[in-house]
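Structure, as structure tokens:
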Amino acid sequence: MVKKRKKSKRRKIVKRIPPVRIPPVKTFKQDDIHSYDEWKANMPRWLEKIQDLIERGDIEQARKLLVDEEIQKKLAKIGDDDTENRFFVRCEVAMLLDSTNQAERALHYYSETLKIVDCAGVYNKMGLLYANCGQCTQAIEHFQKAEQLEPDGIYIWTNLARCFMKTGRSREALALLRKAISVNPQYREGYPNLLYSLNYLSDVQSSEIFEESKKWAQTQAPANLAFTNHDNSLDPHRKLRIGYISPDFKKHSVMYYFESLLNGHDRNKFELYGYGDVESPDTVTERLAGKFDIYRDIKGVGDKDAAELIRSDSIDILVDLAGHTGRNRLPVLAYKPAPIQATYLGYPNTTGMDQVDYKLTDAVADTADQQQYYTEKLVFLPNGFLCYDPGRAQLPIMPLPMTHNKYVTFGCFNNVSKLNPPMVKVWADILNAVPDSKLILKFHEGEDLQVREYYRNLFAEQGLENPRERITFFGWLTNSEHLELYNKIDIALDTYPYNGTTTTCEAVLMGVPVITLVGSRHASRVGLDILTRIELPSFAAQSPEEYVKKAVALAVEPDSLIQIRATMRQRLAASPLCDYKLITSDIENAYRKMWRDYCCSKGIEITEVSPPEDADYKPRRYSDHAVINIDVSYDELSPANRNKDILGLENWEQPDWLKEAERCVSEGEHEEAAKLLDAELLEAHIATASRAEKVFIRYVAAGLLCRIKNPQRAEVLYKKILETLPNNIALYNELASLSRNMGRVNEAVQYLETALEIAPDEPKIAGNLGVYLLQLGQTEKAMALLQKTVEGMPENNYAHSNLLLSMHYLPDVDRKDIFEKSRRWGQSNVPLSLAKTQHNNTLDPHRRLRIGYISPDFRRHSVAYFIEPLLDGHNREAVEVYGYGSIATPDKTTARLREKFDTYHDIKTLTDEEAADLVESDEIDILVDLAGHTGFTRLFVLAYKPAPIQATWLGYPDTTGMSQVDYRITDSIADPPGSEKFYTEQLYNLPDGFLCYGPGEIMPSVAPLSAIEKGYITFGAFNESIKINSVIIKLWSRILKATPDSKLLLKFKAGRDDEFREVCLRQFEKEGISGERITICGWVSLPEHLNLYNQVDISLDTYPYNGTTTTCQSLLMGVPVISLVGEAHMSRVGLSILTRVGLEFFAASTPDEYVSKATALAANPAALAKIRAQVRARMAVSPLCNRDLFAKNIEKAYRRMW
């Protein structure tokens, strides 16, 4: 059982008392206004109540109390002569409105206070609000009014300087910051703002920043503050305690790089502490806090107190993630609370502190000669210092804009502080060199009209004609809108001397190449660093002239741009930049070296000794080496069980190396498992084993090889065992399963027929053979064998599930028959008497609900395309999400999904009853099954009714037949009125569809219509062969006959089986279609699978079992789908999907209409080409891909059920 660390009993979250949020009263400058602190002590109770709600995170309830009508009633009770209360109450109301994200109303109440007292503090607050809203001009006006009232207000100068930096007035900004520092060298905000600002200026040398950094350290973080003794145990090999300190554990660009590090850390070797000083915690804060072993909130905790806390935690290595950026806690490191301290990620330069030992970087971002400008020792990570996690929003990449615009669009989305006159000059040169080209600039202040005008004038001064027509500005956008804007960009232009980081990664993610200018210091080399990791350093320029030349050369090569756009995202995904395990390993190696060097410096002799194995470690049970297709464990038939005694192995213990290999496979460490199962090593182990041990080792090793996707070697081992155990039916079953998975279905059938000859009455073998024959179209014989399995194993639920699922593939399926068989099975095998009748869940209709999802498919599986968007979209304030995964072979998708649950349990080795007890102990309110009667299902856990409400959704197109399952989640198109009589569950129809599709990272570009180049129409069907039957082959043949020269491309796993291909082709030949017109493909990788759609003009859906994932993938690749609609859910999924994207006219209600629609579309290639160009974009904005809408709908359903 694996629980997400968030629920660890040992985790402690240290709560804080928030400091006062408004300036000290000295800023008010009025004799009749007493101290704010004095007033605060007697603040009206109604204001205290709202503040308490905000501090508890109940923003919605606070907003409900901040209604103007109620506020005015309270204000009306204050006497006209009570200036103090009239002023402070309005101030407090404004601050509370600001805290609840109501900026416009906050500004109104601040304005009201100014009618009472003309106050510098209020003007300052209003300036901050305007700045946060991207209205720099208004912000500057208010800061300057504040300065007039309080000429010595250094905090006002700092705020004003920030705005000056954003409006091109960098010299004025630096003057203000230096003035603030000269007035008060200890002013906390002065130096960091100056140091950070210096990084934006192109004429500032590294040496100047270095010297200023050291001055700050001498003034505010002197070396004599440092603790000199640390009690950390000097064991170079032990588990290390790492502390990360940051103000940015929230929705912030730093988290695109840090969260993946948290996910990748080896918790057997490192214990992670988080120290967060987060001004406004959000859902990201909550998520990150759960990923530390211990998280402490240090907001409001003094520097020395925070240092003492870190010291008491015995942190070995403390890592700062902010440097001299906003709200940093570098002064905490001045006390040297950990024996080793490092800085990483958030700031592109030195801290200037002797107490910080290391800076984590790489040899591209910081060349060796830059060491002289760092007080820290540079640690060069071998594969780059960044690991980028694009997060949830990965929108489709649209075709190159210039192909339809007929002009090139450049773009830069970096923040406005990074723009400067020299960069504008370079961009103006590019625009002048590329006729009709345009530039999109997007930054937070982009809606400020005066900021826009400033930059238009600056471009005009640099020689650009008509800047108003050629430059488009955008302000703040949502994350999805921001990413979507890249679809309007052909080429991204990086800034200098401060390159983009997240914006560069986002551009690459969206298929947009980035031209960057390289300098000498870190801030101007990050672009090169990122491009180097994706093997595109040629887009980096060493001079402004080369920058212009590269941008112009790329702009006149549309074919190159199209090719680049098509491969950029895949290039990113396959690079070290997105390999969090690789980068985490590099960082952990760096930590270990730092620690060993420290131990050496203390006189400890280093010997290369592996750390002792965890005493609590227990190898997981090796389960289900051999499972038949119906997911019935074959353990009792396996050599490991059937032959252990007769082989003399009843007391034999598995060797340690084999146990370790099992552990690696179970925990998804496939590369390590592969090393342990290396062919030469394996044979060496076998060579020293007895004859009986050889059998056992080969059998276990073969099962493990299957699970790490090496079926070829597994097949060799199984065949070797057959020489010793020629009549063991489990071996024939394993070989059959391997053959089928490799697309050799006929060979799989032969193995199972041999097994049945050895054991004619073995129902499990009969069940598997039935499934395989169904794939070969031998329906009658297949169903007889499946029925035989049920009769031979009436108590076996998996056998019944296999029969029920298989019935859906029959062309003449009887819906009533499926319902009756499902209901009878439910009554006899999982009777209601098993169900728990009482639950202790708190009966509060409005509280946060605990939702559990149970599935065997939290892995690379079609179900993952639809559950992951929901996990991403769930409102964690409304629901707490638990996952119960029964995954035979966890993979990268498993690891990714696991982190998206609040709590995750691995229930693979638990019995149904044990799993039910676990669900009950978690006090799940609504348990949702995602598999129904499909493979490896854990549906039978629901028989015990561990949750008061249970539902089924997504993975299976029909009723469970179980009275214990209360609801089936669907929609009114997939299950129209009248369908209720075929379900034991109550149907709950979601308003915008029962599916939400997340296409994932791999999205090749949509190619032009293939028919234009080939001169004929290519139809396609990529559904599995089990969905292809005589009825649909007849319809496809009619379509081919009615469309001259057309061809059909089929793709399914068994497509590599020569015999099976011949069977398929003969079926078409019976219908008068030559085999030359049919192409059959077998299994290919996902990128190849999606690219194969670029050869298809029209997709043809299967019937009666429509495609789901294949239909979504077809639409993603711009290919329309013709679907035949029936009465049952499985025959209406195509219609449901098409309706969501506004393409329901491609659904046919009769076979004749199906043929007619396909042939009519094929006869109009112009319409096809237009559809192809629009479908992906249509899909992206449809309810089918709107995860937030879908999550909201399903959460409403849960709330209604509850």
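Summary of values
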{"quantity": "Answer residue from region 1166-1188, given it is of a type in the set (D, E, K, R) and within 24 Å of the chain's Cα centre (by Cα) and is surrounded by the most Cβ atoms within 10 Å (Cβ to Cβ) among those", "calculated": "ARG1176"}
{"quantity": "Unique match (being in contact (Cβ under 8 Å) with a residue 24 or more places away in the chain and assigned to a loop (DSSP other than H, G, I, E, B)) among ILE562, ILE606", "calculated": "ILE606"}
{"quantity": "Residue, nearest to ARG663 (Cα to Cα), within region 718-737, restricted to residues that are without any contact (Cβ under 8 Å) to a residue 40 or more places away in the chain and surrounded by 22 or more Cβ atoms within 10 Å (Cβ to Cβ)", "calculated": "TYR718"}
{"quantity": "Any hit, region 1132-1146, residues being assigned by TED's automatic domain parsing to the domain that holds ILE1017, in contact with a strand residue (DSSP E or B) (Cβ under 6 Å, 6 or more places away or on another chain) and not in a helix (DSSP H, G or I)", "calculated": "no"}
{"quantity": "Output for region 1035-1069, where each listed residue is within 21 Å of ILE1017 (Cα to Cα) and outside any helix (DSSP H, G or I)", "calculated": "THR1043, PRO1044, ASP1045, SER1046, LYS1047, LEU1048, LEU1049, LEU1050, LYS1051, PHE1052"}
{"quantity": "When residues of region 360-379 are limited to those that are surrounded by fewer than 18 Cβ atoms within 10 Å (Cβ to Cβ) and within 18 Å of SER524 (Cα to Cα), the one nearest to the chain's Cα centre (by Cα)", "calculated": "ALA363"}
{"quantity": "Count of residues meeting criterion [outside any helix (DSSP H, G or I) and either without any contact (Cβ under 8 Å) to a residue 24 or more places away in the chain or assigned by TED's automatic domain parsing to the domain that holds LYS908 (or both)] in region 649-689", "calculated": "7"}
{"quantity": "3 or more residues more than 30 Å from ASP297 (Cβ to Cβ) and not acidic (Asp, Glu): qualifying helices (runs of 4 or more DSSP H) within region 52-124", "calculated": "68-76, 83-99, 103-114"}
{"quantity": "GLY1072 surrounded by fewer than 17 Cβ atoms within 10 Å (Cβ to Cβ), on the phi > 0 side of the Ramachandran plot and either modelled with pLDDT under 95 or not in a helix (DSSP H, G or I) (or both)", "calculated": "yes"}
{"quantity": "Unique match (being within 22 Å of ALA1007 (Cα to Cα) and either surrounded by fewer than 16 Cβ atoms within 10 Å (Cβ to Cβ) or in contact with a Gly (Cβ under 9 Å, 6 or more places away or on another chain) (or both)) among ALA1191, ALA1163", "calculated": "ALA1163"}
{"quantity": "Pick from region 140-168, criterion assigned to a loop (DSSP other than H, G, I, E, B) and of a type in the set (Asp, Glu), ranking: farthest from GLY121 (Cα to Cα)", "calculated": "ASP152"}
{"quantity": "Number of positions in region 867-911 that are assigned to a loop (DSSP other than H, G, I, E, B), in contact (Cβ under 8 Å) with a residue 40 or more places away in the chain, of a type in the set (A, V, I, L, M) and crowded, with 22+ Cβ neighbours inside 10 Å", "calculated": "1"}
{"quantity": "Any hit, region 126-138, residues being at pLDDT 90 or above, within 28 Å of GLU48 (Cα to Cα) and hydroxyl-bearing (Ser, Thr, Tyr)", "calculated": "yes"}
{"quantity": "Any chance ILE471 is farther than 29 Å from SER260 by Cβ and buried (at least 22 other Cβ atoms within 10 Å of the Cβ)", "calculated": "no"}
{"quantity": "Conditions (1) more than 19 Å from the chain's Cα centre (by Cα); (2) crowded, with 18+ Cβ neighbours inside 10 Å; (3) not in a helix (DSSP H, G or I); number of the one not met by GLY511", "calculated": "(1)"}
{"quantity": "Hits in region 404-438 - residues which are in contact (Cβ under 8 Å) with a residue 40 or more places away in the chain and either touching a strand residue (DSSP E or B) at 6+ places or on another chain (Cβ under 7 Å) or closer than 14 Å to LEU554 by Cα (or both)", "calculated": "VAL408, THR409, PHE410, GLY411, CYS412, PHE413, TRP427, ILE430, ALA433, VAL434, SER437"}
{"quantity": "Residue count for region 487-508, restricted to those that are under 11 Å from LEU395 (Cβ atoms) and either surrounded by fewer than 24 Cβ atoms within 10 Å (Cβ to Cβ) or assigned by TED's automatic domain parsing to the domain that holds ASN349 (or both)", "calculated": "1"}
{"quantity": "Enumerated helices (runs of 4 or more DSSP H) restricted to region 754-861, each holding at least 3 residues that are basic (Lys, Arg)", "calculated": "815-829"}
{"quantity": "Matching residues, region 814-842, being aliphatic (A, V, I, L, M) and in contact with a helix residue (DSSP H, G or I) (Cβ under 6 Å, 6 or more places away or on another chain)", "calculated": "ILE818, VAL830, LEU834"}
{"quantity": "Matching option when the condition is free of Cβ contacts under 8 Å to residues at least 12 places away in the same chain and either among the small types (Gly, Ala, Ser) or in a helix (DSSP H, G or I) (or both), among ALA1191, ALA1166", "calculated": "ALA1166"}
{"quantity": "In region 195-234, residue surrounded by the most Cβ atoms within 10 Å (Cβ to Cβ) [restricted to those that are among the acidic types (Asp, Glu) and part of a helix (DSSP H, G or I)]", "calculated": "GLU212"}
{"quantity": "Tally, over region 1072-1105, of residues that are touching a helix residue (DSSP H, G or I) at 6+ places or on another chain (Cβ under 8 Å) and in contact (Cβ under 8 Å) with a residue 60 or more places away in the chain", "calculated": "18"}
{"quantity": "Test for LEU1092: is it outside any loop (DSSP other than H, G, I, E, B), of a type outside the set (Asp, Glu), farther than 24 Å from ALA1148 by Cα and under 38 Å from the mean Cα position of the chain (by Cα)", "calculated": "yes"}
{"quantity": "Some residue of region 310-321 being of a type in the set (Asp, Glu) and in contact with a Pro (Cβ under 9 Å, 6 or more places away or on another chain)", "calculated": "yes"}
{"quantity": "Search result, residues across region 978-996 that are surrounded by fewer than 20 Cβ atoms within 10 Å (Cβ to Cβ), part of a loop (DSSP other than H, G, I, E, B) and of a type outside the set (D, E, K, R)", "calculated": "GLY978, THR984, PRO991"}
{"quantity": "Matching residues in region 31-51 - criterion: being part of a loop (DSSP other than H, G, I, E, B) and modelled with pLDDT of 75 or more", "calculated": "ASN42, MET43, PRO44"}
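Every residue, every condition in (1) in a loop (DSSP other than H, G, I, E, B); (2) modelled with pLDDT under 95; (3) surrounded by 21 or more Cβ atoms within 10 Å (Cβ to Cβ), yes or no:
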residue	(1), (2), (3)
HIS404	no, yes, no
TYR407	yes, no, no
GLY411	no, no, yes
LYS425	no, no, no
LEU431	no, no, yes
GLU445	yes, yes, yes
GLN450	no, yes, no
GLU453	no, yes, no
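The values are calculated or read from the model by the stated rules, or taken from the named source; none is laboratory data. Values in this document were obtained by computation on a predicted structure and should not be read as measured data. Neighbour counts are summed over all protein chains in view; Cβ atoms, including those assigned to glycine, are modelled from backbone coordinates with ideal geometry.
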